[in-house]
C-alpha cells in the first residue's frame, strides 16, 4: 500500500490576483484585532485600495505578457482563462470605485450592535464611532466574486458563492439611516442566499450522483457517453439553475432583490448591482457552457423563457416604483434578462461561442460602470434624514443642480440603450450574437432566437419610458420649496462619477477597442 502524500501543484503566479485580495482581507482582520481604534480607518483604506489596484495590475500583467493558462490550474480547481481574467479585471475596477464610495462618511451605522433609535446609538454617533470592519468584509466579498466565476468544479464554485455572499449579508444591515429597513434587507438577503446555496448544493449532489465527479470536464465527458435524460442529471441541472438564477436575480426568483437594494447602504447596493451580477453571470456561463454544454438542447428553452420573463418583469415593474433605488433594482433585473439572452446564444462552434462571449463581457463592463455611477449620484441627493430616495424629491433637480442631473440623465439613457452611449452597443452586441446563433442553428431555433430579440427590443422600449420619466421629472418639473440638498461630493465620489461618465461616453462613441479586448478574452474560453 502506497502511503506517499503527493504535494499539490499550485500556480501561485497565475493565482496572484486572487491571493492578494484574500491576503489583504486577512491583514484587514488583523488590523481590526490589534490596531488602536483611532488608527484603523487610516490603515484599512490604503490596504483595501492598494490591494485591489495591485490585483488589477497583476491581471493586466498576465494578459500583456501572454501568460494566460491554456489548462485549468490549482490541481484543476480553477479555470483562469481569457474570460476569467476579463471578468476579474471588470470586478476589480468596479470594486475599486465602490470602495471609493464606501470611504465617504455617513453611509454606515456608528454601532451596529445598538438598537435603532436607542440612547446607545445616539451616543455612538456623537462619539464619532465607525465600523471599519466594512473594509475587510468588502475584500472577502470581492475575493469571493473573483473565485466564483473562475471555479472549474462545482464544489469550488460553492465555496466562492459562500465567500462572496456571507460578508454581503452583514454589509447590507449596516446603513446609518433607516436602520430597520437596512436590517430587514440584511435578513432578506440572508434568506435569499440560503435558498440559493441550498438549491446549488443539492443540485451538485445530484450531478455527482450522475457523473461521479463535480469537475466540469468530467461532467461533460459523462454526458458525452451517458444518457442525457437521466433523472439525476435533469434534476441536478434544474437545481443548479435555480441556485444561480437566485443569485443573478432573474425572474421569477427576483422577489426580494429590490427590497435588499433599497435597504442596504448605497455603496454596498452599488457593489451588489455591479460586482455580484458580473460574478453570477460568469459562474452561469461556466456551468452551462463548460459543464452542461452537451445538454444545451435541454437548458436553452428554459433559459429562453427565463430571459424573456426577466426582461419583461424588470421593465414593467420598474414603471410602478416611486423609490429611486428600487427603480434601479428593477432596472438591474431587466439587464440580467438582457445578459441571459447572450447566455442562450451558445453555439456549436468555437467562433460562435466567442461572438456571444464577447457580447456578454462587453455588456458586463459598460453596464457595471454605469450602474456604479448612477448610485454614486444617488448618494449626493439628500434630505435631512438621509438620501432623498423618493422620486418626488428629485423633481426640479435639473434646475437646482443641472450638472448632477445631467450626469444622472446620461446614465439613465445608457441603461435605456440610446445611441452614442455604451449601453446601446452593449444591447446591440447581445442581440446580434443571439441572431447569429439562431441563424447557425437552423430555421426552428432561429425563429425562437429572433423572437427573444424582439422581446428584448420591446422590453427596452418599456424601460425607456421610466428612464425618460425620471429625466422629465428632473428637468421639466418645478423644484419644491423644501427640496433636497445636494451634498458636496468628496474626491472619491467625483472620481467614481468621472470614471463612469468617461467610460459611458467614450465607449459609446468608440466601442471598438473594448469590443476587441472582449473578443481577445472570449477566444480563450475553456469549454467542453
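Listed values, structure above:
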| read-out | value |
| --- | --- |
| Two-decimal Rg/Rh across region 102-149, once Rg and the Kirkwood Rh are taken from alpha-carbon atoms | 1.14 |
| Additional length obtainable on full extension of the chain from residue 523 to residue 68, 0.36 nm per residue less Cα span | 162.6 nm |
| Orientation-averaged projected area, Cα convex hull of region 52-173 (nm²) | 8.6 |
| Helical mean residue ellipticity (222 nm; -39500 (n - 2.57) per DSSP H run of 4+; nearest 500) of the chain | -24000 deg cm²/dmol |
| Cα pair count fraction exceeding 43 Å, expressed as % - the chain | 14 |
| Values of log10 I(q)/I(0), in the order q = 0.13, 0.15, 0.19 Å⁻¹, for region 162-261 under a Debye, Cα-only, solvent-free model | -0.55, -0.66, -0.87 |
| Region 153-169 versus region 6-23: alpha-carbon centroid distance in Å | 18 |
| Cα-based equivalent ellipsoid, region 178-226: semi-axes from gyration tensor eigenvalues, Å | 38, 8, 6 |
| Kirkwood Rh and Cα Rg combined as Rg/Rh, region 264-406 | 1.07 |
| Value in Å of the Kirkwood radius, where region 1-91 supplies the Cα pairs that are averaged | 15.1 |
| Rounded if a/c under 1.5, otherwise prolate or oblate - region 383-424, Cα gyration tensor axes | prolate |
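Rule-based calculations on the coordinates, nothing more; no lab input. This is a predicted model, so every value here is computed, not measured.
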